[in-house]
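Chemist: Have a look at this one.
The values are calculated or read from the model by the stated rules, or taken from the named source; none is laboratory data. These numbers come from a predicted model, not from an experiment. Cβ placement follows ideal geometry from the backbone for every residue including glycine, while neighbour counts extend to all protein chains displayed.
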Amino acid sequence: MNASRLPLFACAPLCALALSACAATVSTSSFSGVKHDVAQTISNLQADATAGEYKKLCSVDLAAAAVSRLGGAKGCEAALKTQLGEVDSFEVSVQSIQLGAGETTATAHVKSVQQGKSKPSTVLLVKQAGKWKVSSLG
């Protein structure tokens, strides 16, 4: 399987988070404290993908293990460029966030609208070097 098709994420949830024609950013205002930081990470992912910042997505937004599964920095950039290039537009909202023990992991439940249909998805995040990073989507 080539790097651009590695199944790190289900492509639709990643793209739903990353691209949004109707809403330029993910709303973080309904969350506070650590949950706000988690929601902000999802917002940053969306903003960086919308801007085509594939290098930043792989170096800042995604967890090290996720980048590794995509073949390292260059493989990650190529995979995201291919996957995100196949998307027209989507809307997304963070519905809820649950923090794991020790607040080093988080699960965000998001709802995206793809081609007029609502679709729930889950974003898993991990805290690395004091910053939240997306580890998987599904």
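Chemist: As an exercise: evaluate Thr122 against (1) hydroxyl-bearing (Ser, Thr, Tyr); (2) surrounded by fewer than 17 Cβ atoms within 10 Å (Cβ to Cβ); (3) modelled with pLDDT under 90; (4) assigned to a strand (DSSP E or B) and give the number of the one condition it does not meet.
Modeler: (3)
Chemist: Taking the stated definitions as given, is Leu80 crowded, with 17+ Cβ neighbours inside 10 Å, over 20 Å from Ser32 (Cβ atoms) and either touching a Phe, Trp or Tyr at 6+ places or on another chain (Cβ under 8 Å) or among the aromatic types (Phe, Trp, Tyr) (or both)?
Modeler: The answer is yes for Leu80.
Chemist: Surrounded by 17 or more Cβ atoms within 10 Å (Cβ to Cβ) and not in a helix (DSSP H, G or I): which single residue out of Ile97, Ile42 fits that description?
Modeler: Working: Ile42 fails: not in a helix (DSSP H, G or I).
On inspection, the qualifying residue turns out to be Ile97.
Chemist: Tell me the residue from Gly52, Gly75, Gly102 that is on the phi > 0 side of the Ramachandran plot, modelled with pLDDT of 60 or more and part of a helix (DSSP H, G or I), please.
Modeler: Values: Gly52 fails: part of a helix (DSSP H, G or I); Gly75 fails: on the phi > 0 side of the Ramachandran plot.
Exactly one residue qualifies, and that residue is Gly102.
Chemist: Here is a check on your reading of the model: is Leu8 in a loop (DSSP other than H, G, I, E, B), crowded, with 17+ Cβ neighbours inside 10 Å and either at pLDDT 90 or above or not basic (Lys, Arg) (or both)?
Modeler: It is true that Leu8 is in a loop (DSSP other than H, G, I, E, B), crowded, with 17+ Cβ neighbours inside 10 Å and either at pLDDT 90 or above or not basic (Lys, Arg) (or both).
Chemist: When the stretch 98-130 is examined, which residues are found to be of a type outside the set (A, V, I, L, M), closer than 20 Å to Ala47 by Cβ and in contact (Cβ under 8 Å) with a residue 60 or more places away in the chain?
Modeler: Ser112, Gln114, Ser121, Gln128
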